[in-house]
Every structure is written in structure tokens, then in C-alpha cells.
1. Under a 1.4 angstrom probe, counting protein chains only, how are SER283, SER764 ranked by accessible area, largest first?
2. Using only the Cα atoms of segment 235-303, what do you get for the radius of gyration and for Dmax, in Å?
3. Please report the accessible area of VAL206 (heavy atoms, 1.4 Å probe, ligands and nucleic acids excluded) in Å², nearest 10.
4. Run a plain Debye calculation on segment 160-255 (Cα atoms as equal point scatterers, no solvent) and give log10 I(q)/I(0) at q = 0.20, 0.22 Å⁻¹, rounded to two decimals, same order as the q list.
5. Where both partners of a DSSP beta bridge lie in segment 160-255, what percent of those bridges are antiparallel, to the nearest 5?
6. Carbon and sulfur together cover what percent of the accessible area of segment 574-654 at a 1.4 Å probe radius?
7. For segment 160-255, what is the accessible area per residue in Å², given a 1.4 Å probe and the full set of protein chains?
8. Label points 7 Å out from Cα along the Cβ direction at GLN755 and THR257: separation in nm?
Amino acid sequence: MRFRGNKRFASAVGLVLGLLCAVEAAKVNKHKPWIETTYHGIVTENDDKVLLDPPLIALDKDAPLRYAESFEVTLTEEGEICGFRIHGQNVPFEAVVLDKSTGEGVIRAKDKLDCELQKEHTFNIQAYDCGEGPDGANMKKSHKATVHIQVNDINEYSPVFKEKSYKATVIEGKKYDSILKVEAVDADCSFQFSQICNYEIVTPDVPFTIDKDGFIKNTEKLSYGKERMYKLTVTAYDCGKNRASEDVLVKISVKPTCKPSWQGFSKRIEYEPGTGSLALFPSMHLETCDEPITSIRASIELETNHIGKGCDRDTYSEKSLHKLCGASSGTVELLPAPSSSANWTVGLPTDNGHDSDQVFEFNGTQAIKVPDGMVSTSLKEPFTISVWMRHGPGAHEKETILCNSDKTDMNRHHYSLYVHNCRLILLLRQDPSEAENYKPAEFHWKLDQVCDKEWHHYVLNVEFPTVSLFVDGTTFEPFLVTEDYPLHPSKIESQLTIGACWQDNSGHDNDTETVSEPTSDLRNGSTITQGGNARMAQFFRGNLAGLMIRSGKLENKKVIDCLYTCKEGLDVQLPEEVASAVKVEFNPNQSSLTVEGDDIDAFDKVMQHISYLNSRQFPTPGIRHLRISTTVKCFNEESCVTVPDAEGYVMVLQPEEPKISLSGIDHFARSAAEFESQEGVTLFPELRIVSTITREVEADAESEAAEGADDDPTVQETVVSEEIMHNLDTCEVTVVGDELDGEHESLEVDMSQLQQRGLEMSSSNLGLVITGVNTMANYEQFLHLIRYKNWHTEALFDRKFKLVCSELNGRYISNDFKVEVNVIHTASPVEHANNAMVQPNFINPVHHASVDLSGHNLVNAHQASVVPSAATIVIVVCVSFLVFMIILGVFRIRAAHQRTMRDQENGKENEMDWDDSALTITVNPMETYEDQHSSEEEEEEEEESEDGEEEDDITSAESESSEDEEGGEPEDQQGASRQQQLEWDDSTLTY
């Protein structure tokens, strides 16, 4: 029995051992955890829990069964899931195990998610078990599964408009499908919340509507007269019904019905002289009302007809311009400005010549005769005629510009230049010759310029039988040349006239027409009236200027262009990007230009670069009219737009005018011998010509501070004078008082120096006129050389002259510089014993070696010849009379003394009688003489009070010296001194 029991125990132990071995075997970690290969998750921006599909569960085969049939088994660590690991950089998620035994887990956001930054996240995840042993060694990992997580949006942002405001312009009377589009955006990341589902016009009662896409249109036709601008407030909503954070302002301007025109054009443009070129249309553009344009052509014209001859040219005389342009000598000016030396144009109406060369008007009843000998043109040698002319359509009769005809009898026209039916015709009849054959006699040019009422420059180069015509620098050939026989031999003198033809009523000639209406009389170059049988015919109606004839040489093209060149005009600097797209052409004097192109933008850029330029130093102020004429061609010629002309003007402001100042010695004396010498007396030895301009400038900070310290707010600007250099064109020396007597006095000049400086001179008994454009320095040097001679000085004690210089044909005139020259007559030693003592009083220490008498006027010519002898006689008579009176006084003194002794009671009466007698003796004789002369001297002082302070100073000094001598000398010496003083006074008196 004991054996059998031991056997049972042994078997039980074996079974337990087997089970233990099985359990031990089960604790070994043989398998990896298992998870799904792909997970998809969703998370909301404001949540951290991710909803996964499928759920996150890890399985491990090492886990035993939960329940056994025969006994209960507890789980071991080898079957548990200890965690999940996420692989990736900056993954904002973490995985957490909820139940280790079941392997269930979740994915959570570590931080707050932002859909707007990242809508989706992708990363890998891996599960791992708890491993073997107490320390979890031999841990097993599952494969890596991919996780895709989408971040769901919340409507956290409101719509925002792209622009702060919107503007649009519409034309009245038109309904638009769309005027403009407003657009808002939403920062939300989802389609639902980031989309703008609706726009709305908040402003009530406006004729506009807006659709869901933001397009605004008008609901009715708009009127510019009713409302010129509408202001709308617009808002937006997203699809989450969030309203825009800020509404937007929309401005819709209504403009009148579109009319093609130039826009941005300023009608008044101010030009300041000396500033170079000025852009005329800097902001201008062409409005074509959206018409399809194929080409544009614009003409810009600068009108300057009011300025002299139509342009702001150098306003020197035409003769001076010929010299400046390089024309050779021999030019005769037939229409000079009226002067003492050229007076035949005095009777013609002019424009005063201050804005240009002198312009003369011929009204159909006036003409002038050119003095004989002015023109010695021989038709056998080349000659040139040049003239500025403005002529309207006129009548159908001949209108003569220049005519050379017989003075009497035959009325033949030798040569003439005239206008007939808008044709310019030159008549050129040849002189008698051996061959009586037909020769060219009339040259005809049919020109629009003759009748367009504008100024044009005409030059005819005549080299028989060829005649060339230049109009505004352009050559024109005659369209017709007619021939005629030469003139018959005759000894009749010819008469040159301007504005008509001179003819005699008794003669007959087919070339002339007799006018019965009375005209004005020509007297020494004045206007013409009927005189005897002589008549004027073929009167000119229009304006002429600068009529010149030059013999012996023709004008070349360079000189002609120079004469016509204008100092102001239009200019344009083409931008490089449009230079090839637009064509620009100028007329010869740049007073107009044309622009052609097919690109509107390029065309506008060229127009914006057109400028005005005036290169004159002293431009003529005033208005220059501007006109833009435009032609536009379109694809559909019938509906092509018409652009009206744009008009404006350039206002040239007043330039800073120069002040020409003449200064120097204006009063001096010379001996009679110098006047009578070969050289004569230099009139302007120290003449100085200076020209300045005065401008006002703002005071600087220091001066303003000083003004503030003085509390003087009136001084705000400082006047500054600046010396400038420019040319003179005329200086005139005239005699003040009696005219020059050619028999014994003259003004002398150095002709070689005159010619060397390119100047010309005309002289008369009134003085000299020096003309020609030259520098102030050259004029100054030449004026230093002018001398005055007088070889009959006995009748002369002073001469006065006046000098005036001018610039730009008299536009700027200097001051009147007056010079007085006194003649010192040296008395003979016998007649003037005391002359040596008085002579130093004549010397003015201010001046140089020459003896000057500044501030003194000598006696006039009527007394000068008798003054020395008369003074001597008066002195002798006075001395004799004085001696007689002294002797008579001695006798009376003795008699009075005896009476005093006889009657002492009446001593006082006797003393008074003595005084009375003494006064009678000593004073009365001199009073008779001195009162006479003192009254004359007072009259002289009143007349000569304008001679300057220097005269007053010297006179007062002389009077003081005279008083000292009289007070300090004995009676006999006092008489001698008075004789000297009387001689001095007598020699220096003027009347």
C-alpha cells in the first residue's frame, strides 16, 4: 500500500512539473506587436484630440488567453503594449497608450494647431511591447504605420478688402455692364470659411448694384449735371457669414459725354527770360474716347505776329544785322529809323521800333522819295534787294514796293519791285545798247506768302539775266519771265521811291497808272501830295521793314539764313523709347512743328517733351499764342473722331532791363591855343560806359537777425546791382545850343579807327551819329578819340555837348551825358600885369596835367572880344576917380576940422556930417561899379546853380580870399587887389 501511494505522489509531481515547464515556456517574448499600416485622422483647430480611422490598437501574440478551461492564467508583461513612438521632425502630435493589456491608444496634439499655417500632417507611428524580464529587456517593435491627419478650420477670420478705396470714372448717359470690381479676401484655411459668398452696398438709395463677385454697375443712366461724384460704402461676407472687418469706400466720378480732345493742357504758360527751354505740355494727353486709332498728326504753331516782323529776332537795325551775319560792305538802308541824318522816313506811321527793327506802314496813300545819291546801283553788275514784307490780299492793281522811274517827261520805269494778284514781280529794263534785241524784263513768282497777311523775308539776287528769289530762306524759281526791248537813250534823271512809283502827268508809259486822288506832299523825304504835274501811282498797302540794296555782290545762302534766323521757337528732345515710333518735322524758323505717329502713348510722350526756347539776352515781353491742330484717322473712317484745336499762349515776362550809364569829366577848360591846334580838344577823355542790371534778392539770415534787432520790419529784400556786358548799336553826339558853324568849328574823328571797329558815322551841323553793333568797350575807346576844333576862338568862351548811347535799336537808352568845355583866353602882359597872380585860381587840382576850369563859365561870345580892353579902361578910370575922390576928401576933412574948431557945440552934428561925407567919398564910386556887376553875377549864379557843388565851392573860396585881401591890405594895395578881383570876375562872367 505504501508503494502504491508513492507512485501516485510521483505522478502528481510530474504533472505539476510539466505545467510549470509549459508556463515557463510561455513567458518567452517571441512576437512583435501588430498595428494597421495606415491611419487617417481629423482634428479641429481649437481641439487636441484626433479622431482616427481605424482606431489605434496594437496586438501582440505573446499575450496568453485570458481564460482557460481547467485553470485561471494571469497576464504576463510579454503580452502587454507599453507605448507608441512617432517618427518625424517637429511633429505636433503625441501617441498615448490607454490600456496596455488591450493595446488601445490615442493621438493628441501637443500644442494648439493652426489650419492657416498647415492644413495636413503626415508622420509614422510604431508600437512596442513591454519585453522580457523585470526590466523589459528584449522589447519588440511593430512595423511603422503612416498616419495622415487633417486639421479642420474654424471661422476665426473676417473678410478684408484688397484696396483701401476704389475709384472709377463713367461717362454720363451710358449704362455699363461693369464699372469696376471690388475684391475682399478671407484668411481662413477652409474653402467654406475663406470664400466670399456675398458683397453688399451699404449706402442707401444709390443707382448702383453689386453682384456676388464684386462687380459694380449702374442701374440707371447717370447725369453729370445731377451728380458729379458718388461715394459708396461696400461690405463683404464670407461663407461662414462673417462680415468684413472694415467696409470700403468706392468713388465713382461722372464726367460729361466723352469728346475727343487734348487733356491736361494749361492755356497760360509763363516764361522767365534766361531760363533756357520750358516744357509747354508736361501733363498733356490725347483723349480719343476709346476709338480704335490708326494714326495721329498734330501741328503745333507758335504765333508771334505782334512782335515786329513776326518773331523775337535780334532787334538791331537791318543794316547792323547784315554786318553781324557777315554780309560785305556796300549795303544801303532805304527805310532807316527817322533821325537827323536820315529824315526821309519821318512821315510814315511806325511801330516805334522798340520791339524790333523799325516797321513802316503804307496805307495806299503814302510813299516816300529816297534822296538822290543814296543808291548808285548799276544794272550791269550784280546787286541784291532784301525786304521784310507783310501784305494782305489787297486789290487787283499793282502795288509798288520799290520803283526807280524817270523824274520828268517819259515816265519810264527803269526797275521796280511790286505785287500784283498775289504775285511778286521784278521789273528790270536794260539800258540802251548796240543790240536792240529782246531781253528778259519781268520776272514773276506766284506765292501764297505774298497775300497771307504774315511777315516774310524776301531776298532777290540779281545777276542779269538770272534772278534768284529766297523767301524765308527757301529758294523759288520764277514761273514766268517776259522779255522786252531795252530802254531808249535818254538824259533824264531817275527818281527812286518806296511805296509807289513816281511819274509825270505829261508823260505816257504803259508801265504806269495815273492816280487822280490827292496824295501827301513829299518835302525833303516827307509824305507825298500833288506837286505840279508830278504824280504817285501804284500805291502799296501793307507793312515794310529792312528794305536794303547792295551793289556789286550777291548774298550767299549762309547770310540769308542768318538774316531770317529767329531767336525764339519750338524745340523737342525725343525720348529714346519713342524716337522710332514718332516722326517730328520743323519749319525753317522753328515757329511750328508737326508730329506724326500711330501709338497714342508714344505720341503723348513726344508732346510732353515739346518746349519753348528764347535765346535773346533781353527778349521782348508779351504773349506768344499757341495752337495745336490735330487730325486722327481710325479703322472706320466714317466714325473717326474729330479733335478740336487747342489754344493757349506763352507769356514772356519782363526781363531785367539793363541801365546804361555814361560817366566821366563833364566840365573842364582848355586854352584857346588847344582849340585852334591841329588836334583840337578831346571831348570825352575819361568817358566810362557801364551797363548794370538791378535785381531784388531775399535777405540772408544774418541780415534778417540784424533787422530783428533793430525792430525794423520794413526791410525785407536787398537790392543788388550786377554789371553785365552787351552790345551798343548807336551813340549820338549833339551840340547843346547853337549849331556848329562849319566855317570855324568842327567835330573830328579818326576814320581809320572807325573802319577798324566796323562802325559807321554820319555828321551834320547838329553833331555826329555813330552806328553799328559793337561792344561797349569798342564804343568807349572810339568816343575817347572824338575831338572838337575851333580856329576862331576870340568869339568863343564855352561849348556844350551831349552824348547818348543806346542798345537794340533804341530799346535801352543811356543817360544824357553833358560836357561843357570852357575856353581860357590868355591876356597880354601889358593889359594884365596882375594876370600871373590870378591865374592859379583857374587850376582845378582834381584833374590832370591839362588846365581845367571846373565850375566856371566864361562870358558869352558877344562880350568876349572886348573884355580885355574894356576891363583895362574901367580899371584905369576907377583908379583915377578914386585918387580924385581921395584928394577931394582931404580938402573936405580940413574944412570940416576948421568948422569943428569954430563951433564945438555942434560937434556931434559935424561928426555926422563927416561920416556922411566919408561914405560919399569912399563908397559911392565903388557901389556904382560893384552894384552893376553884382546884380549881373547874381543872375549868373541863378542860371548856373545846376553846374554842381564844385562850382559853388570854388566860388565861395574865391570870395573868402577876396575878403581876406581887402581886410588885410592898405588902402592903395586894396585898390590894386580890387582891380585884380574885378579883372578875374570880369573874365569869368557868362551871360
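The values are calculated or read from the model by the stated rules, or taken from the named source; none is laboratory data. This structure is a prediction, so every number in the text was calculated from the model and none was measured. Backbone-built Cβ (ideal geometry, glycine too); neighbour counts: all protein chains shown. Only protein heavy atoms, including side chains, enter the accessible area calculation; ligands, DNA and RNA are left aside. Shrake-Rupley method; radii C 1.70, N 1.55, O 1.52, S 1.80 Å.
1. Values: SER283 80, SER764 45 Å².
Listed by decreasing accessible area, they come as SER283, SER764.
2. Computed over the Cα atoms of segment 235-303, radius of gyration and Dmax are 22.4, 69 Å.
3. Counting only protein heavy atoms, VAL206 exposes about 40 Å² to solvent.
4. With no solvent term, the Cα-only Debye profile gives -0.91, -1.05.
5. Antiparallel bridges: around 75 percent, rounded to the nearest 5.
6. Working: 1880 of 4050 Å².
That share works out to 46 percent.
7. 59 Å²
8. Going from the GLN755 label point to the THR257 one covers 7.8 nm.
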